[in-house]
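A short reminder: the numbers here are calculations on the coordinates, not readings from a lab. It should be emphasised that the depicted structure is a prediction, and the values quoted were computed from it without experimental measurement. Methodologically, a virtual Cβ is constructed for each residue, glycine included, from the backbone with ideal geometry; neighbour enumeration extends over all protein chains shown.
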Ligand SMILES: Nc1nc2c(c(=O)[nH]1)N[C@H]1C(S)=C(S)[C@@H](COP(=O)(O)OP(=O)(O)OC[C@H]3O[C@@H](n4cnc5c(=O)[nH]c(N)nc54)[C@H](O)[C@@H]3O)O[C@H]1N2
Ligand SMILES: Nc1nc2c(c(=O)[nH]1)N[C@H]1C(S)=C(S)[C@@H](COP(=O)(O)OP(=O)(O)OC[C@H]3O[C@@H](n4cnc5c(=O)[nH]c(N)nc54)[C@H](O)[C@@H]3O)O[C@H]1N2
Ligand SMILES: [Mo]
């Protein structure tokens, strides 16, 4: 298994010291530079100035929440949000002519960045069996092809419908309705690869899949943990919220194997002070943890809290809360008291003193929030780790009170909303019952395929049809070579997309590109101009309305594509008004309001400034986990450790990419320029492994099968990552993640815990 095509090694690599602060003037300058390279000043202005404003465009970047109406800055966007939005608003176009000049076999050799840079997709295209070219097809014929395939399946479970978290609530609801009316729950999504572990652990312990924290809670916390996330690059507007919390007196503890720029210092570009001053120090304390050590950290901390309670009975734990709201405390306490310090220190790479200092911070704090992202969820023992974080919060009643709670920081701007409206292969019976009552058909009850299971089913020839609503499934998934072979077994693959990506080049016998409107564009339908709705990481549902002229007159909206496909495939059975849905998205929201709890009176409430804040039942003392109380849990996991001569590799995002799409080869904050084929290694590990600065190596992953997974020709960069750990970029390293390597229970790929060895290649002359 080798590199993906287009991933030639780079001679242009330069390395500068990692930055110790994030945002500030260079960030704004970089945003404008990127915007103007992609689009005109007028278009850039129109998108940026309405971004995240009441009645404007929801940033298609991350899911971070907006401040309350009236408290938004005129420029309520960050450098990276500006890049993402202008990547969509680009004036470059991929036309039928383009495809005449580029056979699919050639496109399959291009890099991810190159494919994205070709611009917006403009008309529906088909690649027919045996052909190496995409050619134009009418919308009607495209729907005909898909309907024919779908109606000839032996079972509806031979179809898979993937969703990426960019899709609006309206499109997502229509898609899941179509899939279930067809008869399948095969609705994998990007969340299977993102926060599935959080959903699993939180459901089990608190009875909710969502975070319990609002922006207001964050602003008023005394102590905030940032565990396994890189907000400077991936949630830059979170830094503004943290700055605000600090102004209110909060302390912040960052836990990460990498000293990320955004964790250290922040210069707010929206304030004069941020432009000139030294900025705000973000993390008061930085725990340079070993990858995968977080479960041990929180267990050690929990043990220290129990012992503090022993020393000062009645003063440390929130006994009233534990008694009234939780279950399982005694078993948990007995278990955690037995956790050995040598194990904790070995797993974390921290000293006992460091963990005791954290305990003291906790004891001095009335209100604690824990934020986490992919550094936690993408490990084999992600679920027990998050359960232990919940134990930690429960001990001092840091759940359900103002200024406290669990804050899984979501990725895609609407990944949470898509789940709320039914994109999940395991929606509970209550949801399916509501669908049945509303639409009068019997939805399938057996769980469908998640992302990893879908790939396995393809490999076993159990899938004939794949439709992707947004996203880049082939590149986001693990074990790239295996996934690519699996996808090629499908008879028909179709993608509803805005930009060209690798999933269009690695396809089924017949392949369709279904180009669609983006968030930035106005959406005109029979009943007039439409808006869509989305839900952010803090469960606020609000509108998003585009302002730009669509990239091509041939584009259809996601809702239109899905409604027409459904009508063509299902005809009148069951009797669902697909035409009306397409004509007026309000008709979809009316249905959602009767199916999804909390979204009653959707059309009226969602257009109010600030939208609908969905209440998390946990904040009202309701735990819908079957027990009716928050659960303390006992967690054990084998320590994640690379054998001697190996390192534990994490695959992460640079500062200049959106998931599977790198924009440039630079990672400004980490000081890497001109190449993404780098592996960051601790200098002491380099010495021990006999590796030199910039040495060329192959990354070879080690797994209990006899498949060789090798990512070729990376340069070793000495970097202050924790000992025993290494870091490289996603998606270039996805081929190293075995399909079988998943988190227990959540089935989420372990993108942050890959055992690798670094194999030196024959030395090449270094560029001077
Ligand atoms: N600009 C930009 N913004 C984005 C995205 C993007 O690609 N570009 N993607 C969006 C999406 S979908 C998501 S899910 C989020 C992702 O946001 P993040 O989760 O911040 O993304 P990653 O780059 O995967 O970074 C994971 C962080 O976890 C740390 N880490 C790795 N392993 C461990 C560990 O074992 N323990 C601890 N404590 N830390 C660890 C890494 O060093 C890194 O800082 O961002 C969203 N926002
Ligand atoms: N190794 C490794 N792998 C990972 C991760 C990791 O950290 N490491 N992270 C995982 C995570 S957290 C996630 S969320 C997944 C991401 O997986 P995906 O969500 O599947 O991937 P994206 O790269 O966000 O998808 C980009 C494509 O979406 C399409 N698109 C963009 N905007 C729109 C729109 O408005 N409408 C439509 N219809 N299409 C649009 C464009 O065609 C673009 O090429 O990857 C996962 N994979
Ligand atoms: Mo994500």
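Each peptide among 236-248, 170-182, 634-646 gets the average number of other Cβ atoms lying within 10 Å of its residues, and from highest to lowest they stand as 170-182, 236-248, 634-646.
Across segment 650-666, the residues whose backbone nitrogen lies under 18 Å from the label position 7 Å along the beta-carbon direction of residue 761 are 665.
What separates the Cα centres of segment 657-684 and segment 74-145 is a distance of 25 Å. With Cα atoms as the point set, the radius of gyration and Dmax of segment 647-760 evaluate to 13.7, 40 Å.
Can you give me the relative contact order of the chain as a percent, contacts being Cα pairs under 8 Å and 6 or more apart? Intermediate results must be reported in sequence, preceding the final value.
Details: 1756 pairs, mean separation 168.9, N = 768.
Computed over the chain, the figure is 22 percent.
If you find the alpha carbon centre of segment 377-421 and of segment 601-638, how far apart are they in angstrom? Distance between centres, Cα-based: 11 Å.
Ranking of 686, 538 by neighbouring Cβ atoms within 10 Å, starting from the fewest: 686, 538.
Sorting 196, 712 on the 10 Å Cβ count, fewest up front, what's the list? Don't skip to the answer; put the middle values down first.
Numbers: 196 28, 712 18.
Lowest to highest Cβ neighbour count: 712, 196.
Once each part is reduced to its C-alpha centroid, what is the distance from segment 303-332 to segment 443-458 in angstrom? Taking the Cα centre of each part, segment 303-332 and segment 443-458 sit 41 Å apart. Projecting label points 7 angstrom from Cα along Cα→Cβ for residue 624 and residue 522 puts them 3.9 nm apart. For segment 196-408, the Kirkwood radius over C-alpha pairs fed into Stokes-Einstein at 4 °C and 1.567 mPa s yields D = 75 µm² per second. As a test of the formula, what do you get for the chain when each DSSP H run with n ≥ 4 contributes -39,500 (n - 2.57) and the sum is divided by the residue count, at 222 nm and rounded to the nearest 500 deg cm²/dmol? Theoretical 222 nm ellipticity from helices: -10000 deg cm²/dmol. Counting neighbouring beta carbons within 10 Å and listing from fewest to most, the residues 668, 488 come out as 488, 668. A straight chain from residue 575 to residue 71 at 0.36 nm per residue would run longer than the Cα-Cα distance by 176.9 nm.
If you plug the beta carbon distance of residue 319 and residue 353 into 1/(1 + (r/R0)^6) with R0 = 25 Å, you get a FRET efficiency near 0.30. Projecting label points 7 angstrom from Cα along Cα→Cβ for residue 14 and residue 429 puts them 6.4 nm apart. Between residue 327 and residue 342, the contour length at 0.36 nm per residue exceeds the alpha carbon distance by 2.5 nm. Using 0.36 nm per residue and subtracting the Cα-Cα separation, the extra length available between residue 152 and residue 114 on full extension is 10.0 nm.
Extending 7 Å from the Cα toward the beta-carbon at both residue 91 and residue 554 defines two label points whose distance is 2.2 nm. Shape class of the chain from the alpha-carbon gyration tensor: rounded, with the ratio a/c of largest to smallest axis under 1.5. Assign one of three labels to segment 361-451, namely rounded, prolate or oblate, based on the Cα gyration tensor with a ≥ b ≥ c the square roots of its eigenvalues; rounded applies when a/c is under 1.5, prolate when it is not and a/b is larger than b/c, and oblate otherwise. The shape class here is prolate.
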